[in-house]
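What follows is a short report on a single structure.
The values are calculated or read from the model by the stated rules, or taken from the named source; none is laboratory data. All values derive from a computational prediction rather than experimental measurement. FYI the Cβ positions are ideal-geometry reconstructions off the backbone, even for glycines, and counts take in every protein chain you see. Only protein heavy atoms, including side chains, enter the accessible area calculation; ligands, DNA and RNA are left aside. Shrake-Rupley method; radii C 1.70, N 1.55, O 1.52, S 1.80 Å.
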Amino acid sequence: INIATDYQLIRLRRPDSLHYSIPSGGLFQYVSCPNHLGEILEWVGFAVLTWSLPGAAFAFWTFANLAPRAIAHHRWYREQFADYPKVRKAWLPFIW
């Protein structure tokens, strides 16, 4: 998820352009920040696989850092683009 969405975001911005674009395709159909979703899923998966307190703590703090950022990005997209898709959520498809 991280590699694919980061690549999509990089391709959106041309070196000679100062304008932002609305990302589309892939998980961007469902959420504004699939890169944050991917990062959260990675660390939750690590916590489950290691079944350790440090793993759980890292997953928790990753969520605590990235979920509010995803919500802020989502809000910014909606303010900047009148045609921003209404069905997109901030970082968790169909829910949040």
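Largest accessible area first, the residues THR50, THR5 order themselves as THR50, THR5 under a 1.4 Å probe with ligands, DNA and RNA left out. Does a label point 7 Å from the Cα of ILE3, set along Cα-to-beta-carbon, have any residues of region 45-87 with amide nitrogen under 19 Å, and which are they? What the label zone holds, given the 19 Å backbone N cut-off, is 45-46. Its relative contact order, with pairs defined as Cα atoms under 8 Å and 6+ residues apart, puts the chain at 31 percent. Taken along its three principal axes, the alpha carbon spread of the chain comes to 45, 27, 20 Å, from the longest extent down to the shortest. Shown here for region 58-89: chymotrypsin sites (Phe, Trp or Tyr not before Pro) in loop regions (DSSP other than H, G, I, E, B) with at most 12 other Cβ atoms within 10 Å, namely PHE81.
Length gained on full extension, ASP83 to ARG13, computed as 0.36 nm times the residue gap minus the Cα-Cα distance: 23.3 nm. Which is farthest toward the positive dipole end of the chain among LEU49, TRP61, TYR84, measuring Cα position about the Cα centre, with Cβ charges +1 (Lys, Arg) and -1 (Asp, Glu)? Result: TYR84.
I'd like the orientation of helix 2-12 relative to the chain: the angle between its Cα long axis and the longest Cα principal axis, in ° from 0 to 90, rounded to 10. Long axis of 2-12 versus the principal axis of the chain: about 20 degrees. The residues of the chain present an accessible area of 69 Å² per residue when probed at 1.4 Å with all protein chains retained. Simple rule: put +1 on each Lys or Arg Cβ and -1 on each Asp or Glu Cβ in the chain, find the dipole, and look at HIS36, ILE71, GLN8; the Cα lying farthest toward the positive end is ILE71.
Restricting region 15-96 to trypsin sites (Lys or Arg not before Pro) that sit in a DSSP loop and have at most 10 other Cβ atoms within 10 Å of their own Cβ leaves LYS86. Once you reduce region 1-33 and region 80-96 to the center of their Cα atoms, the two points are 14 Å from each other.
Helix-only arithmetic for the chain: the sum of -39500 (n - 2.57) across DSSP H runs with n ≥ 4, divided by the residue total, places the mean residue ellipticity at 222 nm at -20000 deg cm²/dmol. Solvent-accessible area assigned to carbon and sulfur over the chain amounts to 65 percent, based on a 1.4 Å probe. Measuring only protein heavy atoms, the 1.4 Å probe finds GLU79 accessible over about 130 Å².
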